[in-house]
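First comes the structure, then the notes that go with it.
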Amino acid sequence: MTGQPDPAGCYVHVPFCARVCPYCDFAVVAGRDELIDRYFEALLAEITMEPEAGPLGSVFVGGGTPSRVRPDLLTAVVAGLRDRFGLVDGAEVTLEANPEDWSPERAAQLARGGFSRVSFGAQSFDDGVLAELGRLHRAVELERLVDDSRAAGFASVSLDLIFGSWSESPESWHATVERAIAAGPDHVSTYALTVERGTELSRQVAAGAPGPDADDQADKYTVAVELLTGAGYVHYEVSNFARPGHECEYNRNTWAQGDYLAFGLGAHGHRKGVRRRNVRRIDAYLEVIESGQRPEAGTEHITGWDAELERAFLGIRRAEGVEAPEVAAALADDFEAEGLLAARKFEIQNGVIRMLDPLFTDAVARVVLGLAAPGE
Ligand code: SF4
């Protein structure tokens, strides 16, 4: 320990999508592309309104679909962040991208403008599953993404996969993971399809459509872990796998309860124990910034026991676990946690809480968040 805080991360939200996918509950807009230039002017203004921070260790430009907008707008944001805060040497600068937007020319322009990592929403290598998820790309387009991005100068390429949609067979998922590995990415994220309130998917399920099946998703998760770790990827977080040296720094910092700045529609930031969130309506976001104000929708002070619980809640997602002696002691006394401990779903050693079966991470996290402060 040097006593120096780690450099902050930074999240930038770009909400524009071609259409809204049925399972999506992010802050997104479709059919409002006439606002793109105005939105980027607002983003640059918001960056200048943020209180001083040291050089940033990582930047994540996510969405929405950032890759839909002109590369010069995206690279202007990187330049704006560099001018305002600086970037540490070798800072990770990630762009989230949809495969259908990618071309060698765009990739080269983005890499020249400072992006070093790209994370593609590949989701599946099965065209039937892609269509069901409302995605606009086809599996064949995914094969070249990694090579094209590396050739353009990206140092790290990640593929996101979603498992457990209603028509995805076990064979389809197995083939998806194998084809993802064959494409040669540095990093793979695998997420279970979830039914979020307010989404088109939740309305379909409420109307009687089959929802995702928990047992099917557990089996598919296990397949992903086996295939990816067998191919040499390190399972460093519940949903994330990386070749050594390619772990996502932005996520690593947030799971370690580090500080991160946040800009854009609905973005959430965390600085020195204060969590803040931006407004989620695009017209309000633009109008507030254009009137010279920060587009804040709320702040929350996370201190004391709540901060400890949050640190444990975030930290148990990492393979190495989290050192949180007070929370560990409270967990050891909790009736529900006792059962999970006895079943070897997680362990506590010298104040470090560590998952042994990542499928039970959400169950342990729920128990953690319900723990009363010592003495209460
Ligand atoms: S899932 Fe991605 S592409 Fe689809 S609406 Fe949400 S942010 Fe946009």
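Taking the Cα centre of the range 41-114 as origin and charging only Cβ (+1 Lys, Arg; -1 Asp, Glu), how large is the dipole, in debye to the nearest 20? Mind showing how you got there, number by number?
Details: 6 positive and 12 negative charges, 32 e Å.
So the dipole magnitude of the range 41-114 works out to roughly 160 debye.
For each of C10, C24, count neighbouring Cβ atoms within 10 Å of the residue's Cβ, then give the residues from fewest to most.
On the way: C10 30, C24 18.
So the residues, fewest neighbours to most, are C24, C10.
Could you size up the charge dipole of the range 1-124 around its Cα centre, putting +1 on the beta carbon of Lys and Arg and -1 on that of Asp and Glu, and report it in debye to the nearest 20? Please report the intermediate quantities before stating the final value.
On the way: 10 positive and 17 negative charges, 44 e Å.
Result for the range 1-124 is approximately 220 debye, rounded to the nearest 20.
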Rounded to the nearest 5, what % of DSSP beta bridges with both residues in the range 9-255 are antiparallel?
20
Once the dipole of the chain is set up from charges on Cβ (+1 Lys and Arg, -1 Asp and Glu), the residue from the list Q204, V93, L110 lying farthest towards its positive end is L110
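If each residue of separation counts as 0.36 nm, what is the full-extension length gain between Q349 and A76 once their alpha-carbon separation is subtracted? The partial results should precede the final answer.
Numbers: separation 273, 0.36 × 273 = 98.28 nm, distance 4.71 nm.
Between Q349 and A76, full extension yields an extra 93.6 nm.
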With no solvent term and unit scatterers on the alpha-carbon positions of the range 169-221, Debye gives log₁₀ I(q)/I(0) at q = 0.14 Å⁻¹ of -0.50
So how strong a dipole does the chain carry about its Cα centre when Lys and Arg Cβ are +1 and Asp and Glu Cβ are -1, to the nearest 20 debye?
700
Taking max minus min of the Cα coordinates of the range 117-240 on each principal axis, largest first, gives extents in Å of 47, 28, 24
Charges on Cβ only, +1 for Lys and Arg, -1 for Asp and Glu, centred on the Cα centroid of the chain; of A231, I289, W166, which one is farthest towards the dipole's positive end?
I289
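Compute the Rg/Rh shape ratio of the range 219-292: radius of gyration over Kirkwood radius, all on alpha-carbon atoms.
Working: Rg = 18.0 Å, Rh = 15.2 Å.
Reported Rg/Rh, Kirkwood definition of Rh: 1.18.
Per residue, how much space in cubic angstrom lies within the convex hull of the C-alpha atoms of the range 92-141? The partial results should precede the final answer.
Numbers: hull volume 3.3 nm³, N = 50.
Here the figure is 67 Å³ per residue.
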Only Cα pairs under 8 Å and at least 6 apart count here; give the relative contact order of the range 263-375 as a rounded whole percent.
20
Stokes-Einstein D for the range 209-257 at 4 °C, 1.567 mPa s, Kirkwood Rh over Cα pairs, in µm²/s?
105
Have a look at V188, V205, V129 and tell me which one the Gaussian network model of the chain (Cα, springs below 10 Å) gives the largest fluctuation.
V205
Loop-located GluC sites (Glu not before Pro) in the range 18-107 whose Cβ has at most 10 other Cβ within 10 Å (DSSP)
E52
So which cysteines of the chain have no other cysteine's Cβ under 4.7 Å from theirs?
C10, C17, C248
Among F313, T75, P185, whose Cα projects farthest towards the positive end of the dipole of the chain, with charges put on the beta-carbon of Lys, Arg (+1) and Asp, Glu (-1)?
T75
Using every pair of alpha-carbon atoms in the range 1-158, split the distances into 10 Å bins beginning at 0 and state the percent of pairs per bin, rounded to integers.
10, 38, 35, 14, 3, 0
Estimated distance in nm for a label pair at K272 and E178, the labels positioned 7 Å out from Cα along Cα-to-Cβ:
5.5
Treating only the Cα positions of the range 305-369 as identical point scatterers, give the base-10 log of I(q)/I(0) from the Debye formula at each q in 0.23, 0.24, 0.25, 0.28 Å⁻¹.
-0.88, -0.97, -1.07, -1.41
Scoring the chain by relative contact order with C-alpha pairs under 8 Å, at least six apart, yields a percentage of 15
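Find the relative contact order for the range 172-283 and round it to a whole percent, using C-alpha pairs within less than 8 Å whose residues are 6+ positions apart. Mind showing how you got there, number by number?
Numbers: 101 pairs, mean separation 22.9, N = 112.
Relative contact order, the range 172-283: 20 percent.
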Take every Cα-Cα distance within the chain, group them into 20 Å bins from 0 onward, and report for each bin the whole-number percent of pairs it holds.
27, 60, 13, 0
In deg cm²/dmol and to the nearest 500, what is the mean residue ellipticity at 222 nm of the chain if only DSSP H runs of at least 4 residues count, each as -39500 (n - 2.57), divided by the residue total?
-11000 deg cm²/dmol
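All of the numbers you see were taken from the coordinates with simple rules; none came from a lab. All figures in this text were calculated on a predicted structure; none of them were measured in a lab. Neighbour counts are summed over all protein chains in view; Cβ atoms, including those assigned to glycine, are modelled from backbone coordinates with ideal geometry.
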